[in-house]
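The values are calculated or read from the model by the stated rules, or taken from the named source; none is laboratory data. What you are looking at is a predicted structure, and each value in this text was computed from that prediction instead of being measured. Cβ atoms come from the backbone with ideal geometry, glycine included; neighbour counts cover every protein chain shown.
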Amino acid sequence: MHIFRRYKASTSPRTIKGGTSHDEKVSLGNAVAQHQAPKITDSVGNALAIRAVRDAGEIANNVAWKGIAGIAILVIDAVQNAKSNREECETIRNQICDFIHVIINRRSGNENTLTLDERLSLEHLQHTLMDVIKVVKKLGDRTALSRVFLSTTDRKTLIECQDELQQAAAVFNVASSVQIIKAIQRSNTLREEQHEELLKTLHSKKSLELEALRIYAENREEVLGISPLEGTLKSFLPPPKPAVFFGRSGVVEQLSTQLYSSNAGRYALLGPGGIGKSSVAAAIFHANEVESKFGSRRFFIKCDAATSKPGVISVMASYLRILIPSEKKDPNSRQAQQQIVEFLKEGGLPTLLILDNWESPWEPHDSRLEVEGFLATLASLENLSILITMRGNERPSGTRWTRPFLPPLEPLSRQASKDTFLAISDISEDDRNLDKIIDYTEDLPLALVLMATVASYEGSENVVARWETEGAALLKRGTSDRQSSLESSLRVSLTSPRFTANPHALGLLTVLCLFPDGTTMETLRGAIPSLKTLSSSLTILRQTALASPDQSGRIRVLAPIRSYILSNYTIPEPLFDDFHRYLGSLKTFVHNVGTEGHTNEIAQFTPELGNFTALVGYFLHHDPHPAAAIEGALALALLHRNSSLGSVTHLPLAEETAEEHGEYSLQAECIWMMAVIAFERDLSSAPPYKRVEESLELYQKMNNISGQASCHAFFGTTSVHQNKIGDAISSLTIAQNLYLEAQDVEGQARNLLNLTHAYRRQGDLRKATELCLKASHLFGTLRKRFAQGACLESLGEILYMRGAYAHAITICNSGMAVMQRMGYTHDVSFWQAHCLSTIADAALRTSRLPEAKKGYQEVLKYYDRHSRLDRAANCVVQLGEVSLEEGDTDAARKFYQRGLEMWTAPNRYNTWGHGTAVLGVAKVSHREGDISASWSLYKEAMALFVKADFAPFVAECRYGMGDILLHHQPDFPSIDEATTSYVLGFLLYRKSDEIYGQAVGMKRLGDLALVTGALRDAEARYEAALEVLTTSGVVRDVADCWRGLGDVSDARGSSGESAARMRWERALELYKLGRDVRGILSIEERLSALDSA
């Protein structure tokens, strides 16, 4: 005799009168729409509620109906007392009353027995009502202030309750849809007769409520006809097909195809909690191929309530509708197991069994072998395909899994994450916070869904703000089950027997959370030698998927998990000394960067910089002795300043922490570093003198001489950028003397380089060259090769200003080569970007326009990326110069206008930069023939350069105005004024020691002599300019000189025709070399006229 009773699973379609399948039927609420009570208002709510329960009195002798009636009264009473969200509460009350009416109609007449389907569906309804009681009672207990702040959250929770009630209705509809329709007709005639009797029965509502709950608790087993389960089974229906489901089509298609084509596949879908294993399994359950093959022989069983083999058997029996009467043997018996096996292999029909959350029964060590044995028994059935979902990366033993094994699920692709987030939150895909929010989740599906849910009613700005303060605690909604709360999901893993078996696993997990970019075993052993049982602890973390190797093999913990762990656990204090030493290695690394013998350290340390940033932040917050963390913050900032690597994020906190712990020298250095970086990012802003003065006072208090010198050096360098060269040299000289007093050789060398820039800006190129070479020598004694490369860059700029463009390019290339040998590239090195910029300037001067354009575009990307706003604006203006030389005045004007906007933007104004952009527009107007506009713009630019005290650009404006005076005499007839303008420009360039500028002035004075007929003077001036310009390699200007010499020969008549032709042909070659279309046309016209004569 079988100890189990079995009946057809309710998942198969059922046909209702008229031939319509159950799947085509609407929900319970719609099924009774014709008999539904009107919407309940506050004034009649209690009356209708009591009337509904009175109707239930007709079936009072039935224990199940009594339980439903009593619990319903509790719910309605709680709803009535709710003080907020009245609309949603009334909706719930309406639903409950509708359900009671349906129950009454179902049991009208003499039908006092329940089918098994109905008993099971009532189990689900009773649990749902109990959940609703808990939620609604909270509303009645809230204070007025809580109701205001939690109104939106409460509304969302109540809507979820409505959904749960609707699902409960659907379950009851599966069991009772046919009887409902018949009962509705019978109940109408009996309703009024039942009212009086029920009122008598319910004269003491409170006593009935307590009695109903007591009866339900004592008779649950008898009512439902099943043995108690290991946990609560809220629903026996399979999960719906996921509505929001992106990025998993590949694994769903793969598994669906394999299940369709194979006789009995065995698959384990693994991965960390929240990765989406259950959703993938649900999608496979509903896949067309799977449905067409297995039909009603598909079973999706949630195993999270089972913690042993008996629990698994009870859960499976309940889902499969196999009864285990309480008077029979233990469900762990061989007969119970065999009955399940017989059901699954019945008729040899293809059957699919999906066991979700299999880790729950498998985890406990004392029952693992039994659970694995039971699974192996199921796997032996030839007609049965099995798919388990399991937290972690470890498959149960004893089952021959189908090969190749399914790889553990990984986080979603970024596009799939965006699609998921946008589908739930409905925020714009252009929202500026979108990528940042998704970064918080690190593409973990559960975190994405929870974050998107919050964003759907709070908006992206609030989500970002809340994450900064709450972290992973933000990731929850409604009830705290594993699918609605990241914390609940993680605690399943953290409390699992696998994890708790190793007492050091949690410590290692916490340590790994401080390495957001992942790390290696080698790094962990070297950095944290006090970590115990490292290998075995890491094995546990990998088995539970709390930590996994990324594509490069580095062990990582996902961002939401990191946030939760670091918010709830701390690093054991015995490990602090190890971390102090590890942070000290960061300081050593930054000090050695660019030093001979440390050429590969940038490549080695770059993957660790994100980790160091996280470590510094953590220990600034948690270390009682934070000096190492403060020094780490300073090291990261210095690295960022020198190379654009590193980070300045923690400097404000480092300053605050240093002050709190009395580390005043470190506090002063933090203040100084923040001021320097802020100014260097935007040289046009006002220097933060007040902050540096604070730093200077602290350094003086601590008698830190080198620190005082660095403050004076800051005053000097900022004065250079403000063109206060006298003040700059004075401050830098004070700094140099202090560095000498402190015997700080590296400080002396750096400051000599600062003095180089000051004298170069003053125009004293000889003094600048001398200081630059001294700085390079001192850096050499320290083996600071990268700094020597920076000196070469400065020397290249000096050579450029002297007009030695070819030499400037050579020197700058040498500087870049030195820096590259130290491991730097122009992507990370500010100084190398300067080298490229100088090379582009020289290429422009020498008419190598494609090279110049490419150089400026490449450097502009660097300056934009690293917020070097002044340098970026200068590159834009220089691109205008390239376009002008190419003859594209429209493009040139656009670049100059863009540069003008950048230089004159609010809080970023720079007089010199403003002048360069206006000068560029003046050149365009001059080229286009708008002489009046050009004249006005030259004057405006010259006034700006005078204000900025920058002589070379004043000279350039003088040359432009002289050209107008000379070549447009009908409008500007004064040759004397042209002469004056040229001479003044020449003298300004001579004062600045700029040879190129002087040579160009000499050429213009030759033009002036030619116009006035002083041919001998003209020829002498052209030849003098030609000698300098040829050395400089400036093709266009050299061609202009040959053209002028040809014009001199032509002016001498027939005796000079041969010389004129030779000189013009030489000019034509150079114009073609420089791609100067205007110059080419001018020479061709002259040669044509000569041939015609």
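Filtered by the rule that a residue be within 22 Å of the chain's Cα centre (by Cα), crowded, with 23+ Cβ neighbours inside 10 Å and aromatic (Phe, Trp, Tyr), the stretch 599-650 gives a lone residue, PHE612.
Could you check how many residues of the stretch 510-556 are of a type in the set (Ser, Thr, Tyr), over 26 Å from SER397 (Cα atoms) and assigned to a helix (DSSP H, G or I)?
Step one: of the stretch 510-556, the residues of a type in the set (Ser, Thr, Tyr) are 510, 519-520, 523, 530, 533, 535-537, 539, 544, 548, 552.
Of the ones still in play, those that are also over 26 Å from SER397 (Cα atoms) are 510, 519-520, 523, 530, 552.
So of that shortlist, the ones also assigned to a helix (DSSP H, G or I) come out as 510, 523.
Residues in the stretch 510-556 being of a type in the set (Ser, Thr, Tyr), over 26 Å from SER397 (Cα atoms) and assigned to a helix (DSSP H, G or I): 2 in total.
Just checking: which of the helices (runs of 4 or more DSSP H) contained wholly in the stretch 699-811 hold 1 or more residues that are within 43 Å of the chain's Cα centre (by Cα) and closer than 30 Å to THR1031 by Cα?
Values: elements: 705-721, 725-742, 745-762, 765-781, 785-802.
Fully inside the stretch 699-811 and qualifying: 745-762, 765-781, 785-802.
Only one entry in ALA842, ALA873, ALA852 is crowded, with 22+ Cβ neighbours inside 10 Å, in contact with a Leu (Cβ under 7 Å, 6 or more places away or on another chain) and either outside any helix (DSSP H, G or I) or not assigned by TED's automatic domain parsing to the domain that holds GLU770 (or both), namely ALA852. If I filter the stretch 882-896 down to residues being touching a residue at least 40 places away in the same chain (Cβ under 8 Å) and on the phi < 0 side of the Ramachandran plot, which single residue comes out as surrounded by the fewest Cβ atoms within 10 Å (Cβ to Cβ)? The residue in question is GLU886. Once the stretch 850-879 is narrowed to residues that are of a type in the set (S, T, N, Q) and at pLDDT 85 or above, the residue that is farthest from GLY913 (Cα to Cα) is GLN857.
Test PRO404 against the criterion of being without any contact (Cβ under 8 Å) to a residue 60 or more places away in the chain, of a type outside the set (Lys, Arg), within 19 Å of VAL252 (Cβ to Cβ) and in a loop (DSSP other than H, G, I, E, B), and give yes or no. So PRO404 passes the test.
Every condition in (1) in contact (Cβ under 8 Å) with a residue 40 or more places away in the chain; (2) within 17 Å of GLU601 (Cα to Cα) holds for GLY803 except the one numbered (2).
Results for (1) under 25 Å from PHE499 (Cα atoms); (2) touching a His at 6+ places or on another chain (Cβ under 7 Å); (3) of a type in the set (Val, Ile, Thr), shown as yes or no for each residue.
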{"position": "ASP517", "(1), (2), (3)": "yes, no, no"}
{"position": "ALA527", "(1), (2), (3)": "yes, no, no"}
{"position": "SER530", "(1), (2), (3)": "yes, no, no"}
{"position": "VAL557", "(1), (2), (3)": "yes, no, yes"}
{"position": "SER567", "(1), (2), (3)": "yes, no, no"}
{"position": "HIS598", "(1), (2), (3)": "no, no, no"}
{"position": "LEU609", "(1), (2), (3)": "no, no, no"}
{"position": "PRO626", "(1), (2), (3)": "no, yes, no"}
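When the stretch 290-324 is examined, which residues are found to be over 22 Å from GLN258 (Cα atoms) and assigned to a loop (DSSP other than H, G, I, E, B)? I'd like the intermediate steps shown before the answer.
Step one: of the stretch 290-324, the residues over 22 Å from GLN258 (Cα atoms) are 302-324.
Across the stretch 290-324, the qualifying residues are CYS303, ASP304, ALA305, ALA306, THR307, SER308, LEU320, ARG321, LEU323, ILE324.
Within the stretch 826-838, does at least one residue satisfy the condition of being among the polar types (S, T, N, Q), over 31 Å from the mean Cα position of the chain (by Cα) and in a loop (DSSP other than H, G, I, E, B)? There is no residue in the stretch 826-838 that is among the polar types (S, T, N, Q), over 31 Å from the mean Cα position of the chain (by Cα) and in a loop (DSSP other than H, G, I, E, B). Candidates are the residues of the stretch 570-598 that are among the aliphatic types (A, V, I, L, M) and within 30 Å of the chain's Cα centre (by Cα); the one that is modelled with the lowest pLDDT is VAL593.
In the stretch 622-650, the residues that are free of Cβ contacts under 8 Å to residues at least 40 places away in the same chain and over 18 Å from SER585 (Cα atoms) never reach a residue that is among the hydroxyl-bearing types (Ser, Thr, Tyr) and surrounded by 24 or more Cβ atoms within 10 Å (Cβ to Cβ) with C-beta atoms less than 7 angstrom apart, at least six apart or across chains.
Every residue, every condition in (1) on the phi > 0 side of the Ramachandran plot; (2) among the hydroxyl-bearing types (Ser, Thr, Tyr); (3) surrounded by 15 or more Cβ atoms within 10 Å (Cβ to Cβ), yes or no:
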{"position": "ALA1020", "(1), (2), (3)": "no, no, yes"}
{"position": "GLY1033", "(1), (2), (3)": "yes, no, yes"}
{"position": "ASP1047", "(1), (2), (3)": "no, no, yes"}
{"position": "ARG1052", "(1), (2), (3)": "no, no, no"}
{"position": "ARG1061", "(1), (2), (3)": "no, no, yes"}
{"position": "GLU1085", "(1), (2), (3)": "no, no, no"}
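Within the stretch 362-389, the residues that satisfy the criterion of being of a type in the set (A, V, I, L, M) and out of contact with any Lys or Arg (no Cβ under 8 Å at 6 or more places or on another chain) are LEU369, LEU375, ALA376, LEU378, LEU387, ILE388. Of all residues in the stretch 540-574, those satisfying the criterion of being over 16 Å from TYR618 (Cα atoms) and surrounded by fewer than 15 Cβ atoms within 10 Å (Cβ to Cβ) are PRO549, ASP550, GLN551, SER552, GLY553. Residues being touching a Leu at 6+ places or on another chain (Cβ under 7 Å), assigned to a helix (DSSP H, G or I) and surrounded by 16 or more Cβ atoms within 10 Å (Cβ to Cβ): count how many of those fall in the stretch 957-985. Residues that pass the stated criteria total 7. When the stretch 275-327 is filtered for residues that are aliphatic (A, V, I, L, M), within 24 Å of PRO408 (Cα to Cα) and out of contact with any helix residue (DSSP H, G or I) (no Cβ under 7 Å at 6 or more places or on another chain), the ones remaining, listed by number, are ALA281, ALA282.
Given ASP426, ASP430, ASP443, which one is in contact with a helix residue (DSSP H, G or I) (Cβ under 9 Å, 6 or more places away or on another chain) and surrounded by fewer than 17 Cβ atoms within 10 Å (Cβ to Cβ)? Steps first, answer last, please.
On the way: ASP430 fails: in contact with a helix residue (DSSP H, G or I) (Cβ under 9 Å, 6 or more places away or on another chain); ASP443 fails: surrounded by fewer than 17 Cβ atoms within 10 Å (Cβ to Cβ).
That would be ASP426, the only listed residue that is in contact with a helix residue (DSSP H, G or I) (Cβ under 9 Å, 6 or more places away or on another chain) and surrounded by fewer than 17 Cβ atoms within 10 Å (Cβ to Cβ).
In the stretch 675-694, is there at least one residue being farther than 30 Å from THR911 by Cβ and buried (at least 17 other Cβ atoms within 10 Å of the Cβ)? The answer is no; no qualifying residue exists. In this structure, PHE950 does not satisfy being free of Cβ contacts under 8 Å to residues at least 40 places away in the same chain, surrounded by 18 or more Cβ atoms within 10 Å (Cβ to Cβ), in contact with a helix residue (DSSP H, G or I) (Cβ under 7 Å, 6 or more places away or on another chain) and under 16 Å from ASN874 (Cα atoms).
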